[in-house]
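Take a look at the structure below.
The values are calculated or read from the model by the stated rules, or taken from the named source; none is laboratory data. The structure presented is a predicted model; accordingly, all values stated were derived computationally and were not measured. As a convention, Cβ positions derive from the backbone with ideal geometry for all residues, glycine included, and neighbour counts pool all protein chains shown.
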Amino acid sequence: MSNSMQERADQLRERLTAENPEMWDAAVEPEIVGVFTRLESAPTAYGPKWIVVLTLPDGSERSVWLFHTALRNELAKLKPVEGELVAIAHLGKKQTEDGKTTYDAYKVVVDRVPTVHSWDAVAPAEISETPAPVTASAGCQPPPPQPPRPAPALPADQGGPSVHHGPGPCLACECPAGDTHADGCPDDLPF
């Protein structure tokens, strides 16, 4: 048996003899924060139910049973992976929009670096003076459009018009490589 397979087998043997993690009780502790360790399923009288296992800062494990649809949906939307820090808050009972029933509401956050969902929003295929429209995702707003700056009247070494260094002509003012950008060119950066 290879080392990594032996290590995995030993970990499985430990889990066979280990106690099941204590269940998180939102009524006693409305918030829980821990490192996502694994996603499991366990049988219940109502069929199999999903369980998220978190490792708490003290090293103990806690199981979060996904009985409520709102909690299951929040976690499924964020899709935490092993090693990510997860915080879950039970927000209590909330009324549905139609006011006919209540449900248990939750908020889930995952500590991860935000990702850019489309490089097209950052670097459009064709560069122009007008930035490509950006669809903002939750909590992320595109920067406001900036008007073109007039070219400074100083030499380049003192913050004046810059020289075009790209291959071929500048796409904005059409100056050739090695030439000074035209007045008002948006690519004329003072550095």
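For T37, which of the numbered conditions (1) touching a strand residue (DSSP E or B) at 6+ places or on another chain (Cβ under 6 Å); (2) among the hydroxyl-bearing types (S, T, Y); (3) free of Cβ contacts under 8 Å to residues at least 12 places away in the same chain fails to hold?
(3)
Please count how many residues of the stretch 60-109 are of a type in the set (A, V, I, L, M) and either touching a Phe, Trp or Tyr at 6+ places or on another chain (Cβ under 7 Å) or touching a residue at least 40 places away in the same chain (Cβ under 8 Å) (or both).
Step one: filter the stretch 60-109 for residues of a type in the set (A, V, I, L, M), giving 64, 66, 70-71, 75-76, 78, 81, 85-89, 91, 105, 108-109.
Then drop every residue that is not either touching a Phe, Trp or Tyr at 6+ places or on another chain (Cβ under 7 Å) or touching a residue at least 40 places away in the same chain (Cβ under 8 Å) (or both), which leaves 64, 66, 70-71, 81, 85-89, 91.
Here the count works out to 11.
Every residue in the stretch 92-108 that is touching a helix residue (DSSP H, G or I) at 6+ places or on another chain (Cβ under 9 Å) and not aromatic (F, W, Y), please. Explain how you work it out, then say what you get.
Initial filter on the stretch 92-108 (touching a helix residue (DSSP H, G or I) at 6+ places or on another chain (Cβ under 9 Å)): 94, 103-108.
Answer for the stretch 92-108, where residues must be touching a helix residue (DSSP H, G or I) at 6+ places or on another chain (Cβ under 9 Å) and not aromatic (F, W, Y): K94, D104, A105, K107, V108.
Given (1) at pLDDT below 95; (2) within 18 Å of V110 (Cβ to Cβ), where does P48 come up short, assuming only one miss?
Evaluating P48 over (1) at pLDDT below 95; (2) within 18 Å of V110 (Cβ to Cβ) leaves (2) as the failure.
Please work out which residue is surrounded by the most Cβ atoms within 10 Å (Cβ to Cβ), limiting yourself to the stretch 65-112 and to residues that are in a strand (DSSP E or B) and charged (D, E, K, R). Please lay out each step first, then the result.
At the first step, the residues of the stretch 65-112 found to be in a strand (DSSP E or B) are 65, 85-95, 102-111.
Checking which are charged (D, E, K, R) leaves us with 93-94, 104, 107, 111.
Details: K93: 10, K94: 12, D104: 15, K107: 13, D111: 11.
The qualifying residue surrounded by the most Cβ atoms within 10 Å (Cβ to Cβ) is D104.
Just name the residue that is modelled with the highest pLDDT out of those in the stretch 113-136 that are surrounded by 10 or more Cβ atoms within 10 Å (Cβ to Cβ) and acidic (D, E).
Among those that are surrounded by 10 or more Cβ atoms within 10 Å (Cβ to Cβ) and acidic (D, E), it is D120.
Tell me whether the stretch 18-27 contains one or more residues that are surrounded by 11 or more Cβ atoms within 10 Å (Cβ to Cβ), over 17 Å from A87 (Cβ atoms) and polar (S, T, N, Q).
yes
Which count do you get for residues in the stretch 30-45 that are in a loop (DSSP other than H, G, I, E, B) and either at pLDDT 95 or above or surrounded by 15 or more Cβ atoms within 10 Å (Cβ to Cβ) (or both)? Quick ask: steps written out before the conclusion?
Taking the stretch 30-45 as the starting set, the residues that turn out to be in a loop (DSSP other than H, G, I, E, B) are 30, 43-45.
Imposing the further condition that a residue be either at pLDDT 95 or above or surrounded by 15 or more Cβ atoms within 10 Å (Cβ to Cβ) (or both) reduces the set to 30.
Residues flagged as in a loop (DSSP other than H, G, I, E, B) and either at pLDDT 95 or above or surrounded by 15 or more Cβ atoms within 10 Å (Cβ to Cβ) (or both) within the stretch 30-45 amount to 1.
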